[in-house]
Amino acid sequence: MTDATSAQLDFVAKSAAAARPTRMRNLGERGAGWALPVASLVLWQGASSLGWIGESFLPSPLAVLKAAWRLTLSGQLPENVWVSFLRAMAGLVVGGGIGFALGLANGLSRVSFGLTDTTLQMARNVPHLALIPLVIFWFGIEEEAKLFLVALGVFFPLYVNTLHGVRSVDPQLIEMARSYGFDRWHLFWRVILPGALPSIFVGLRFALGVMWLTLIVAETIAAQSGIGYMAMQGREFMQVDVVVLAILIYAMLGKLADATACALERRCLSWHPAFQSKP
Amino acid sequence: MTLAASTISARDSSAPLCAPDAPAASVIARGLSKAYGGNAVLRGLDFLVPEGQFVAIVGRSGCGKSTLLRLIAGLETPDAGRLSVGPTNANPRVSARVMFQEPRLLPWARVLDNVAVGLGADADRADARQRADEALRRVGLADRAGEWPAVLSGGQKQRVALARALVSRPRLLALDEPLGALDALTRIEMQRLQESVWLRERFTAILVTHDVAEAIALADRIVMIEQGVLALDVKVDLPRPRQHGSPEAARLSASILARLLAEDARE
């Protein structure tokens, strides 16, 4: 849940930042965000070079970079990153798509809500990672296992937030649209879906956090490829640099996914006061 | 009560048609009743509005004036009684447009697209933009067509809402205290705009308001609802454009207020 909370804080902070006026200032703020990671890298490198941190305990950033270069040349790194990326996206599309569709259905239809919501709320309270032993029974360490876990993980944030978004669309707007002769189709496309979109985006960003978390665990426990597998191989062959590299790549992929979602959000919600720059 | 109702019907039969080629909608309500959770709001109300008339409905809050408007606009259905709107008794959603107390603009649609919402099912047609543009010009906001509603002031938002209500050239405009949330100066500005639009297009206008001065400034006729039926029906025979605070207006306002307050004292 730390993931979820931090995503929410991040969302609020970004909204506030987007409202500030000048481009230069925006650049400055973005730069400020990177100051801490860069400073930590410099400190880390310094401490390693001075011998305060043993190479076998935590290799220096340069050593990690060297490992990255070595694995890139051998083709291992790009291949594993690609495999993990595909797994993450497949899980997101499948689980997120079902969550989104069910969220819409249950937000729009009382019958659908009555039939499925109780079941879904019960299932939501089972930590999906608790299913790993069962998933290994069912799928072994094949692709289906990862797909299943990631899809299950991203399903709930999208379901809950889509449902909430649809239900919290201003009823006054719906009444207005009805009185102006909107049919169901127009009501959905022009009022309900855009009104639910801010909440759906919150769900998407939560889901991205869950997506990487699930994939790391799944690949570490049961996989023959991917970044998690690469990290486990590193552990077996005492290559601490590879382990650290895998962790850093997860961090970067997570940041990349979040930045993509943010850009998409800014594009789709440009009407929202939080994303408007004052003239 | 019955006396008031019969006077209205008498006037209705002799009412002239203002626009013979495109007759504006008229409202005929007989024995209209509506209750919410066992609490009767309207009790057998009779109400007739000749075509092209500007009627104001006043009354204390909770007297049922908004309920009557919502019934006429087709937002709700009566529990009992007969209600016909328009010359052919068409679906009220076809011929009637509502302006609500809040602007109710879609925040995710530009100003022009919000006006096009008023075209309803016609919003996808080729000339929709042109018609929306023209409606926006009529309320003096043509230069804001590409803005988001969030950057407009309260008065501007209500003007966009007015343009949206007018774009389909409705025969009946139902106004549910649309100026209630505006400041005094913007209110007067909006009243003038509404009057000029109405004088040009001659639709039937039904305005619900708690502001007697506003009713006198705009309406041909003022009715008051009390105990779920029409209790007062006054003709406002003042030349337009009306001056705020003219002696005739003040006299009329005083007599209506006295009636409203008398009801207050009785309870």
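Taken together, the values in this text are just the output of simple stated rules run on the coordinates, not laboratory data. Predicted model only: the values in this text are computed from it and were never measured. A quick note on method: Cβ atoms are made from the backbone with ideal geometry, for glycine too, and the neighbour counts reach across all protein chains shown.
A helix-only calculation puts the protein assembly as shown at -18500 deg cm²/dmol for mean residue ellipticity at 222 nm, using -39500 (n - 2.57) for each DSSP H run of at least four residues, averaged over all residues. As a calculated quantity, the FRET efficiency between A:Glu236 and A:Arg30 at R0 = 41 Å, using C-beta atoms, amounts to about 0.55.
Annotation: the residues B:Asp133, B:Asp176, sorted from fewest to most other C-beta atoms within 10 Å of their own C-beta, follow the order B:Asp133, B:Asp176. Here's the picture: a label point sits 7 Å out from the Cα of B:Arg240 along the beta-carbon direction, and within the stretch B:49-64 the residues with their amide nitrogen under 16 Å of it are B:50-57. Around the Cα centre of chain B, unit charges on the Cβ atoms of Lys, Arg, Asp and Glu (plus for the first two, minus for the last two) sum to a dipole of about 260 debye. Each label point was placed 7 Å from the Cα along the Cα-to-Cβ direction; for B:Arg60 and A:Lys255 their separation is 6.7 nm.
Each Lys or Arg adds one and each Asp or Glu subtracts one; over the other residues with Cβ under 12 Å from the Cβ of B:Ala213, this totals 0.
The fewest-to-most ranking of B:Leu68, A:Leu173 by surrounding Cβ atoms within 10 Å reads A:Leu173, B:Leu68. Measure nothing but the geometry: give the 0 to 90° angle between the long axis through the Cα atoms of A:23-49 and the longest principal axis through the Cα atoms of chain A, rounded to 10°. Result, in degrees: 30.
Approximating the spin labels as points 7 Å out from Cα along Cα→Cβ, the A:Glu143-to-A:Ala39 distance works out to 4.5 nm. Placing unit charges on each Cβ (+1 for Lys and Arg, -1 for Asp and Glu) gives the stretch A:60-275 a dipole about its Cα centre, and among A:Phe182, A:Met232, A:Gly91 the Cα reaching farthest toward its positive end belongs to A:Phe182. Each Lys and Arg adds +1 at its Cβ and each Asp and Glu adds -1 at its Cβ; summed about the Cα centre, the protein assembly as shown shows a dipole of about 900 debye. Derived value for the stretch A:60-275: Kirkwood hydrodynamic radius 19.1 Å. Basis is the mean of 1/r over every pair of different alpha-carbon atoms.
Only the Cβ atoms of Lys and Arg (+1) and of Asp and Glu (-1) were treated as charged; on that basis the dipole of chain A about its Cα centre amounts to roughly 960 debye.
Counting only aspartates and glutamates at least 8 places from B:Lys235 when in the same chain, those with an alpha carbon closer than 19 Å to its own are B:Asp12, B:Asp46, B:Glu51, B:Glu195, B:Asp211, B:Glu214, B:Asp220, B:Glu226, B:Glu248. Choose one of B:Pro103, A:Gly75, B:Phe54: the residue whose Cα lies farthest towards the positive end of the charge dipole of the protein assembly as shown (beta-carbon charges +1 Lys, Arg; -1 Asp, Glu; about the Cα centre). Comparing the listed Cα positions along the dipole, B:Phe54 ranks first. Model label sites at A:Leu264 and A:Gln224, defined 7 Å from Cα along the beta-carbon direction, differ in position by 3.2 nm.
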